[in-house]
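*Asks:* Questions regarding the structure given below will be posed in turn.
Computed from the coordinates by the stated procedures, all read-outs in this text should not be read as laboratory data. Here the structure is a predicted model, which means the values were calculated and not measured. Here Cβ is always computed from backbone atoms with ideal geometry, including for glycine, and neighbour counts include all displayed protein chains.
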Amino acid sequence: MGAMPDPTDADTNAAIWKSEEVARTFAAQSEQREQQRREQLTLVARLLPFGPDDAFTFLDLGAGTGAASRAILAEYPRASAILGEYSPQMTAEGTRAMSAFDGRFRYVELDMLAPDWSLVGPAPLDAAVSALSIHHMPDDRKRAIFGEVYAQLRPGGWYVNFDPIRAPDTEKGLEAIWERVNDRYDPQAPHARTHRTAQEQARYENHIRYMIPLQPQLEWLRAAGFTNVDVFWKRLDWVIYGGSKPL
Ligand SMILES: C[S@@+](CC[C@H](N)C(=O)[O-])C[C@H]1O[C@@H](n2cnc3c(N)ncnc32)[C@H](O)[C@@H]1O
């Protein structure tokens, strides 16, 4: 078993995600969380500009156990997924969770901090998505990844990201409003916040470490060359945004 992360580390991300215990917990909770995210994962899939009979290949960055990939593969029966992931523990859990799609997906070892894009393959990607992974990157990597994804896409290809955000620094009080409203939807949340296990606390600290407001991320997409950049969905601190590479 991997060591439990020490929350006082400067960056606990790798220790957390490369822990068998965290991967197992994440996988055990994935069905419930996928149900809670169903509408959003379906929207990520439907934003991709394909018909039900189109064959295409997409990359899922920071794929984890494959929630976004499963939503897209279910929506498009002829699509194939490349799941980019750097944690062997998450990859092992995901390979099991993806078994209904055997033959239509492959995991590649991709560290978003220093990706070897040659592992993704020589062909330009038709689309790329990410869910709950970009917010784990320091800002310089968030920005760079958008440019790197752009370079991997074929002209006309889309990139869609589903992620949590922070309120803008200028909007004092907004995060408290988001929390109050979120708590109305999840009445257990206030108790859960004040009764975290050590693992939950470490994961929470890791979850928020590099989380930032929305606007710079949209600007970085545009700076990378993406057009049709939009926030396609937003609910409090959760967003789906993306754009396309011009033809
Ligand atoms: C919150 S999980 C989300 C997983 C999945 N995308 C989902 O929506 O269920 C974050 C994932 O990002 C992965 N991740 C974090 N840092 C990474 C990095 N530097 N390179 C590749 N994957 C990374 C983790 O291993 C983990 O699987």
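*Asks:* Spin-label point model (7 Å from Cα, Cβ direction): what's the residue 228 to residue 43 distance in nm?
*Replies:* 1.7
*Asks:* Can you spot the lysines whose alpha carbon is less than 23 Å from residue 18's alpha carbon? Ignore those fewer than 8 places along the same chain.
*Replies:* Within the straight-line limit of under 23 Å, residue 18 reaches these lysines: 142.
*Asks:* Long-range amide H contacts for residue 153: which residues qualify at under 5 Å (H placed 1.01 Å from N, peptide plane, sequence gap of 5 or more or a different chain)?
*Replies:* Excluding prolines and chain starts, which carry no amide H, the hits are 125.
*Asks:* Only Lys, Arg, Asp and Glu count, each charged at its Cβ (+1, +1, -1, -1), so figure out the dipole size of region 13-244 about its Cα centre, rounded to 20 debye.
*Replies:* Once rounded to the nearest 20, the dipole reads 260 debye.
*Asks:* Let me ask something else. In vacuum, with every alpha carbon of the chain counted as one equal point scatterer, what does the Debye formula give for log10 I(q)/I(0) at q = 0.09, 0.11 Å⁻¹? Two decimals, please.
*Replies:* After summing over all Cα pairs, the log10 values are -0.37, -0.57.
*Asks:* Give me the distance in nm between label points sitting 7 Å out from Cα along the Cα-to-Cβ direction at residue 198 and residue 117, one decimal.
*Replies:* Placing both labels 7 Å along Cα→Cβ, they lie 4.1 nm apart.
*Asks:* Would you look at the GNM of the chain, springs on alpha carbons closer than 10 Å, and say which of 24, 222, 193 moves the most?
*Replies:* 193
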